[in-house]
Amino acid sequence: MYKIVNKKQLSHDMVWFDIEAPLIAKKAKPGQFVILRTDEYGERIPLTMAGHDEEKGTITIVFQAVGKSTNIMAALEVGQGFKDVVGPLGKPTTTEGLKRVCVVGGGTGNALAYPIATGMHAAGIQVDMVMGFKNKDLVILEEEFKAGVDNLYITTDDGSYGEKGFTTDKLKQLIEDGNKYDEVIAVGPPIMMKFICAVTKNYDIKTVVSLTALMIDGTGMCGGCRVTVDGENKYVCVDGPEFDGQTVDWDEIIARNAFYFKEEEEARSHNCHIAGGVRHND
Ligand code: FES
């Protein structure tokens with residue numbers, strides 16, 4: 001069993017776990033993910049690691065309890081754990097040649113952006129961070145980001161905290177104000193990443209996105225995580241999770257993510273697992 005050694009409730013439905021997984025912690029790099037199962041009949045849940053501690057032998061995951069399986073996960077307490085944790089999977093974030101970046105996080109995507117943004121800052125890259133949430137109650141990791149990046153901007157859709165508006169508005173304003181970025185990194189719901197890419201395209205700024213997808217084996221064999229990038233089939237588990245956002249077929253991803261919505265609703269109401277497929281935590 002992979003034991004939970006620390007649990008934090010970040011908001012009413014967002015949970016932070018530190019999990020004992022020394023072999024994964026030893027090899028993990030920012031941007032990589034793991035696949036977890038609570039029990040042998042459980043869904044396989046792919047989650048980008050929010051951090052790792054080689055000395056303690058732990059990895060950190062942050063997720064939102066939105067479906068049947070993530071609600072089961074959220075009910076776990078310190079001392080309990082996961083039957084399987086597989087990883088680290090995927091390619092790590094690349095930082096070569098970067099001097100100044102803007103990282104944009106939406107919702108739980110902010111937790112996944114945390115090791116990327118702070119890791120880049122620690123490597124000497126100037127990092128502006130734009131965090132977007134629906135409302136004040138959902139704001140997470142504010143103090144942690146403040147300590148780990150150069151400039152932090154928070155937006156809420158309803159204006160209940162930070163600046164009213166969307167991350168796209170703030171990013172556009174920062175660029176229009178003359179801030180020059182070598183790269184923008186966007187992590188969050190596909191619809192947000194799609195529109196961030198639409199903004200940066202106008203200014204010709206390279207934009208890297210971290211994709212989540214339906215996953216089964218996590219090794220490039222099953223085809224479950226296929227996405228179309230630059231007109232070609234790519235697999236999030238082995239070719240990603242990070243891709244050039246300007247070349248991603250966003251409409252296909254958004255349509256596929258909605259595919260199992262009905263089954264998820266049924267699983268939740270009948271208290272059963274969905275066979276086979278998995279979902280992410282947007
Ligand atoms: Fe099977 Fe990626 S999860 S190919």
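Annotations
- When the Cα positions of G57, T95, T156 are compared along the charge dipole of the chain, G57 comes out farthest toward the positive end, with charges on each C-beta of Lys, Arg, Asp and Glu.
- The length gained on full extension between T228 and E143, counted as 0.36 nm times the residue separation minus their Cα-Cα distance, comes to 26.9 nm.
- Taking chymotrypsin sites (Phe, Trp or Tyr not before Pro) in DSSP loop conformation with at most 14 other Cβ atoms inside 10 Å as exposed sites, the chain has its longest uninterrupted site-free stretch at 42-258.
- Exposed loop positions in the chain were taken to be trypsin sites (Lys or Arg not before Pro) whose DSSP state is not H, G, I, E or B and which have at most 12 other beta-carbon atoms within 10 angstrom. Between these positions, the longest stretch is 181-282.
- Applying 1/(1 + (r/R0)^6) with r as the Cβ-Cβ distance of D217 and D249 and R0 = 25 angstrom yields a FRET efficiency of 0.65.
- In the chain, the calculated helix contribution to ellipticity at 222 nm averages -8000 deg cm²/dmol per residue, counting -39,500 (n - 2.57) for every DSSP H run with n ≥ 4.
- Convex hull volume of the stretch 1-48 per residue (C-alpha atoms, cubic angstrom): 100
- Cα-centred dipole magnitude for the stretch 136-234, charges only on beta-carbon of K, R (+1) and D, E (-1), debye, nearest 20: 300
- Spin-label model distance (nm) - K206 vs E54, 7 Å beyond Cα toward Cβ: 2.6
- Overall, the chain carries a charge dipole of about 260 debye about its Cα centre when +1 sits on the Cβ of Lys and Arg and -1 on the Cβ of Asp and Glu, all other atoms neutral.
- Dipole magnitude (debye, nearest 20) for the stretch 9-79, charges at Cβ of Lys, Arg, Asp, Glu: 280
- Accessible surface for the stretch 104-203, divided over its residues, is 41 Å² per residue with a 1.4 Å probe.
- At 1.002 mPa s and 20 °C, Stokes diffusion of the chain via Kirkwood alpha-carbon radius, µm² per second: 113
- Solvent-accessible area, 1.4 Å probe, carbon plus sulfur percent, for the chain: 50
- For the stretch 1-119, the relative contact order works out to 33 percent when only alpha carbon pairs closer than 8 Å and six or more residues apart are counted.
- log10 of Debye I(q)/I(0), alpha-carbon scatterers only, for the stretch 2-113 at 0.19, 0.21 Å⁻¹: -0.99, -1.19
- Selected from T207, L76, I140, residue furthest toward positive end of dipole (the chain; charges at beta carbon): L76
- Take S11: with every protein chain present and a 1.4 Å probe, its accessible area is about 10 Å².
- Only aspartates and glutamates eight or more places from K134 in sequence, or on another chain, were considered; those with a Cα closer than 18 Å are D13, E142, D157, D158, E163, D169, D282.
- Dividing the mean sequence gap of close Cα pairs (under 8 Å, 6+ apart) by how many residues the chain holds gives a relative contact order of 19 percent.
The values are calculated or read from the model by the stated rules, or taken from the named source; none is laboratory data. Bear in mind that the values here come from a model prediction, so they are computed numbers and not experimental data. Counting neighbours? That spans all protein chains shown, and the Cβs are built from the backbone with ideal geometry, glycine included. The protein model used for the area step is the full one, side chains on, heavy atoms only, and it has no ligands, DNA or RNA in it. Shrake-Rupley method; radii C 1.70, N 1.55, O 1.52, S 1.80 Å.
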